[in-house]
Amino acid sequence: MISLLKARERLLSPLLSSSIRRRLSSNPSYSCEDTRGPDVFIHPSAVVHPDAVIGKGVSVGPYCTVGSSVKLGNGCKLYPSSHIFGNTELGESCVLMTGAVVGDELPGSTVIGGNNIIGHHAVVGVKCQDLKYKDGDECFLCIGNNNEIREFCSIHRSSKASDKTVIGDNNLIMGSCHIAHDCKIGDRNIFANNTLLAGHVIVEDYTHTAGATVVHQFCHIGSFSFIGGGSVVSQDVPKYMMVTGERAELRGLNLEGLRRNGFTMSEMKSLRAAYRKIFMSTETSSLEERLTKMEHDPELYSVPAVGAMLQSIRDSFAEGRRGICKFRQWLGS
């Protein structure tokens, strides 16, 4: 058996080496140092278009693909079998893990800021899954800085030229999450595994979703809110609140999240008092009446956080919005 394997190696090695020599001679961009400078490393098996813009200190690993309109910032690193296509720009010090695919050969662009990590087999900046999209239309994705996008995530471009899919800075997007077309994601959010955002969802800042969360299209998730695991969110989540359930309901304030993000005990006490008067009142008045009453409470309404919470609730009932998640009415005995 050993002798057979050695004979096979002797037969195959000339074929493999001649194949590699043909690829090296056909295009100078396949060389290790390339013509872009000695501080750029491009593996011989990588396919890098000569028109691609490669920054200083870039490393392109085996079997990677870099398209003709790609721009790689200084210090970017492409692990083996990662690929970048279309009009795509990566800022400085971005990392593409093995199997990641960024960009698409579509009109429009994918622009990613600096110091982002695109995880194993993640797919970022490709065509949306919206039937309204028309072939040939421009579509866009913009991602900020310092985001970690983990394995098997999918993030799609916008569905029309007049809109963009946008992700801000310092977000952690865990494995197998999906961010659909035209979503707007703020800063410092944490999306746990299998969080799925449908099209046009807006997520503000410092939100946290637990695993297997599903958010209906056009919903609005307010800052510092928390969504429990396995929840299906079909209406807006106001600022500072916690929701959970198969059809998510308000479950109180995200007090732990507020504490971790520097809210004072006085602020949290005021928010709790306001929440109880709005959502846990034994009065038979309507939600609109309770909101109006709170706005005329000089002690609570003067607290900026309380005012922001009330405005977040009111905004959810504006034209074109979906209203807030359901809450259980407390009634006196």
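Among residues of segment 275-333 being among the hydrophobic types (A, V, I, L, M, F, W, C) and either loosely packed, with under 15 Cβ neighbours inside 10 Å or part of a loop (DSSP other than H, G, I, E, B) (or both), the one that is modelled with the lowest pLDDT is Leu331. For segment 144-160, the set of residues classified as hydrophobic (A, V, I, L, M, F, W, C) and closer than 15 Å to Asp104 by Cα consists of Ile155 only. Going through (1) closer than 16 Å to Ile173 by Cα; (2) surrounded by fewer than 23 Cβ atoms within 10 Å (Cβ to Cβ) one by one, Phe218 falls short only on (1).
Is it the case, given these coordinates, that Ser316 is within 25 Å of Tyr206 (Cβ to Cβ) and in contact with a Gly (Cβ under 7 Å, 6 or more places away or on another chain)? Judged against the criteria, Ser316 is a match. Comparison of Glu249, Glu288 shows that the only residue that is under 24 Å from Cys219 (Cβ atoms), touching a Phe, Trp or Tyr at 6+ places or on another chain (Cβ under 8 Å) and among the acidic types (Asp, Glu) is Glu249.
Among residues of segment 160-197 being touching a Lys or Arg at 6+ places or on another chain (Cβ under 6 Å), assigned to a loop (DSSP other than H, G, I, E, B) and open to solvent by 10 Å² or more (accessible area, probe 1.4 Å), the one that is farthest from Arg260 (Cα to Cα) is Met174.
Based on what the data block shows, is Glu105 surrounded by fewer than 22 Cβ atoms within 10 Å (Cβ to Cβ), part of a strand (DSSP E or B) and acidic (Asp, Glu)?
No.
Ala273 meets each of the listed conditions (1) touching a Lys or Arg at 6+ places or on another chain (Cβ under 9 Å); (2) more than 26 Å from Gly211 (Cα to Cα) apart from (1).
Across segment 233-253, which residue is nearest to His208 (Cα to Cα) among those that are open to solvent by 40 Å² or more (accessible area, probe 1.4 Å) and under 22 Å from the mean Cα position of the chain (by Cα)?
Met242
Check segment 109-119 and report whether any residue there is out of contact with any helix residue (DSSP H, G or I) (no Cβ under 9 Å at 6 or more places or on another chain), more than 30 Å from Ala305 (Cα to Cα), in a loop (DSSP other than H, G, I, E, B) and open to solvent by less than 10 Å² (accessible area, probe 1.4 Å). Yes, segment 109-119 contains a residue that is out of contact with any helix residue (DSSP H, G or I) (no Cβ under 9 Å at 6 or more places or on another chain), more than 30 Å from Ala305 (Cα to Cα), in a loop (DSSP other than H, G, I, E, B) and open to solvent by less than 10 Å² (accessible area, probe 1.4 Å).
Here is a check on your reading of the model: is Ile42 farther than 26 Å from Ile155 by Cβ, open to solvent by less than 50 Å² (accessible area, probe 1.4 Å), modelled with pLDDT of 95 or more and touching a strand residue (DSSP E or B) at 6+ places or on another chain (Cβ under 8 Å)?
Against the criterion (farther than 26 Å from Ile155 by Cβ, open to solvent by less than 50 Å² (accessible area, probe 1.4 Å), modelled with pLDDT of 95 or more and touching a strand residue (DSSP E or B) at 6+ places or on another chain (Cβ under 8 Å)), Ile42 qualifies.
Is it true that some residue in segment 134-143 is over 11 Å from the mean Cα position of the chain (by Cα) and surrounded by 19 or more Cβ atoms within 10 Å (Cβ to Cβ)?
yes
The values are calculated or read from the model by the stated rules, or taken from the named source; none is laboratory data. Quantities reported herein were computed from a predicted structural model and do not represent experimental measurements. Virtual Cβ from ideal backbone geometry, glycine too; neighbours counted across all protein chains shown. In case anyone asks, the SASA skips ligands and DNA or RNA and just uses the protein heavy atoms, side chains included. Shrake-Rupley method; radii C 1.70, N 1.55, O 1.52, S 1.80 Å.
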